[in-house]
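Trainee: Just passing along the structure, written as structure tokens.
The values are calculated or read from the model by the stated rules, or taken from the named source; none is laboratory data. This structure is a prediction, so every number in the text was calculated from the model and none was measured. Cβ: placed from backbone, ideal geometry, glycine included. Neighbour counts: every protein chain shown.
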Amino acid sequence: MATQEPESRTAQSGVWPQQGLSAEAQVKRILELYGDAPEIGRKALANVAHELKAAIAAQHRPTTAGRMGLRQGKVSELTVIAPLAPGGARRLRAVLDALGNHFQNADKVGTLHDMRFVFIDNDTKLLFATAYDGDWDAYIDDFSSKIADDLDLVFSNIEGWPGIRNPGVKDWIVKHQVPAAAWYVSNSDLSVAETSRMKRIGNALEQFLDRIG
């Protein structure tokens, strides 16, 4: 018997082909797929089916971040899973622990919302996940121009890392990048710069109100 091939995604973006279907058709398909799901899943789907249909109809479809990954509004995502080199986990843990588990120099990039380093599979692999503003290529260029040594300090502990200044680094990243199937952004219409500006305005307003109060 021939095995069924997994449903493919389009343009390495993580967007499933059924996203072109109507909300009603998508809910119907999900109901069919959950026919053999655990009972707790079937009950949950029955409880949220109406809300799910409304959410599907109302949502804005994600776009691609460029070469790879998803984008919601102004914010894009990038997740890399790669094998650590021998001794890499020990070295990298020492660096991250010394920094108080806070990669502060990432502020220099200017378009970075968040960044996470997670050791998985008994410290044999690193999961690196980040959210950023704009296009994929521009983001990687920011890494190489603004925090090159910081990135090489970290990623030199991963097998095959060519160096952030190496012309082949973007191909290396794409090879190990895993597009998100879905993700949530609270304020997808705000860039890092806009968020910082709003924070400064808010702080100034609070100080003004304190003075006149």
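Trainee: Which one of Asp121, Asp150, Asp171, Asp107 is more than 23 Å from Leu84 (Cβ to Cβ) and either touching a residue at least 12 places away in the same chain (Cβ under 8 Å) or not β-branched (Val, Ile, Thr) (or both)?
Mentor: Asp107
Trainee: How many of the residues making up the stretch 8-33 are outside any loop (DSSP other than H, G, I, E, B) and modelled with pLDDT under 80?
Mentor: Residues meeting the conditions: 6.
Trainee: Are any residues in the stretch 153-168 crowded, with 19+ Cβ neighbours inside 10 Å and not in a loop (DSSP other than H, G, I, E, B), and if so, which ones? Working first, answer last.
Mentor: Pass one, the stretch 153-168, residues crowded, with 19+ Cβ neighbours inside 10 Å: 154-155, 157-158, 161, 164.
Of everything in the stretch 153-168, those that are crowded, with 19+ Cβ neighbours inside 10 Å and not in a loop (DSSP other than H, G, I, E, B) turn out to be Val154, Phe155, Ile158.
Trainee: Residues of the stretch 171-198 being touching an Asp or Glu at 6+ places or on another chain (Cβ under 7 Å) and in a helix (DSSP H, G or I), which ones? Let's see the steps before the verdict.
Mentor: First pass over the stretch 171-198, keeping only residues touching an Asp or Glu at 6+ places or on another chain (Cβ under 7 Å): 180, 183, 191-192.
Val192, the sole residue that qualifies.
Trainee: Tell me the strands (runs of 3 or more DSSP E) entirely within the stretch 55-144 that contain at least 1 residues that are out of contact with any helix residue (DSSP H, G or I) (no Cβ under 8 Å at 6 or more places or on another chain) and of a type in the set (S, T, N, Q).
Mentor: Details: elements: 70-72, 75-83, 112-120, 125-133.
In the stretch 55-144, 70-72, 75-83, 125-133 are the strands (runs of 3 or more DSSP E) which contain 1 or more residues that are out of contact with any helix residue (DSSP H, G or I) (no Cβ under 8 Å at 6 or more places or on another chain) and of a type in the set (S, T, N, Q).
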